[in-house]
1. Only residues that are free of Cβ contacts under 8 Å to residues at least 12 places away in the same chain and over 14 Å from Tyr158 (Cα atoms): list them for the range 23-48, please.
2. Does the range 142-151 contain at least one residue that is over 17 Å from Lys179 (Cα atoms), modelled with pLDDT of 95 or more and out of contact with any Asp or Glu (no Cβ under 8 Å at 6 or more places or on another chain)?
3. Considering only residues that are more than 30 Å from Thr176 (Cβ to Cβ) and either touching a strand residue (DSSP E or B) at 6+ places or on another chain (Cβ under 6 Å) or of a type in the set (Lys, Arg) (or both), which ones fall in the range 51-93?
4. Restricting to the range 161-179, give me the number of residues that are within 19 Å of Ser113 (Cα to Cα), touching a strand residue (DSSP E or B) at 6+ places or on another chain (Cβ under 8 Å) and of a type in the set (A, V, I, L, M).
5. Looking only at residues that are charged (D, E, K, R) and out of contact with any His (no Cβ under 8 Å at 6 or more places or on another chain) in the range 127-152, which one is farthest from Tyr48 (Cα to Cα)?
6. Looking at the range 107-118, is at least one residue in contact (Cβ under 8 Å) with a residue 24 or more places away in the chain, outside any loop (DSSP other than H, G, I, E, B) and either buried (at least 19 other Cβ atoms within 10 Å of the Cβ) or within 12 Å of the chain's Cα centre (by Cα) (or both)?
7. Across the range 134-186, what is the total count of residues that are under 11 Å from His88 (Cβ atoms), in a loop (DSSP other than H, G, I, E, B) and not basic (Lys, Arg)?
8. Lys45 is checked against (1) modelled with pLDDT of 95 or more; (2) under 13 Å from the mean Cα position of the chain (by Cα) and fails just one. What number does that condition carry?
Amino acid sequence: MESYTIAQYVADIRAIASEETEDAKIGERIKPLSARLAADKSWFKDKYRKIDEEQGFGLHLLHEEDNHDLAVFVIAWGAGRGVSAHNHKTWAVVAGIEGQEHETNYERLDDHSEQGFADLKKTHAKTLYPGTAVCCLPEDIHAVFNDGQETAVSLHTYGHHLNHTGRSIFDVEAKTEKKMVVKIHE
């Protein structure tokens, strides 16, 4: 089978985004392409397993459009590490490369009227393994945790760069919401 490159993946996503207007349809069309790229690994480098110890994960930027639309990352999750409940404020497609990521999804119960307040209820959980791809919509809220013994690595594709969406991170117990910004490794 011929290698599937990051450049081909980006070109395919640009074509899909020019044909579709609904976030859910965009994600569903990208899912098999994301799984294909994650499975290929001809493009994968050891440095993509590097983790920022302070964050508990490492974000490695593979592609970003000049206007911050369409961003592709490899994210490495340390064993026993993750990120608490958050949204993306853009569509997202995630495909497993190595290890496992446990995802817990939440429903927001409050009406967004009180700044800094968010009441969330857990709805379901699933684990992402190599070969698995999932989609998230802009207002979906989830937490990600590597409950395995080794570093987990996954391919993440977003409609907009994460630090340019105004996304939030939530403390489920304290019922708080605040702006989320992450450190990127290039």
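The values are calculated or read from the model by the stated rules, or taken from the named source; none is laboratory data. All values reported here derive from a predicted model rather than from experimental measurement. Glycine also receives a Cβ, built like all others from the backbone with ideal geometry; neighbour counts cover every protein chain displayed.
1. If the condition is that a residue be free of Cβ contacts under 8 Å to residues at least 12 places away in the same chain and over 14 Å from Tyr158 (Cα atoms), then Lys45, Asp46 are the ones that fit.
2. Among the residues of the range 142-151, not one is over 17 Å from Lys179 (Cα atoms), modelled with pLDDT of 95 or more and out of contact with any Asp or Glu (no Cβ under 8 Å at 6 or more places or on another chain), which makes the answer no.
3. Leu62, His63, Val72
4. Here the count works out to 2.
5. This residue is Glu139.
6. no
7. 8
8. With (1) modelled with pLDDT of 95 or more; (2) under 13 Å from the mean Cα position of the chain (by Cα) applied to Lys45, the lone miss is (2).
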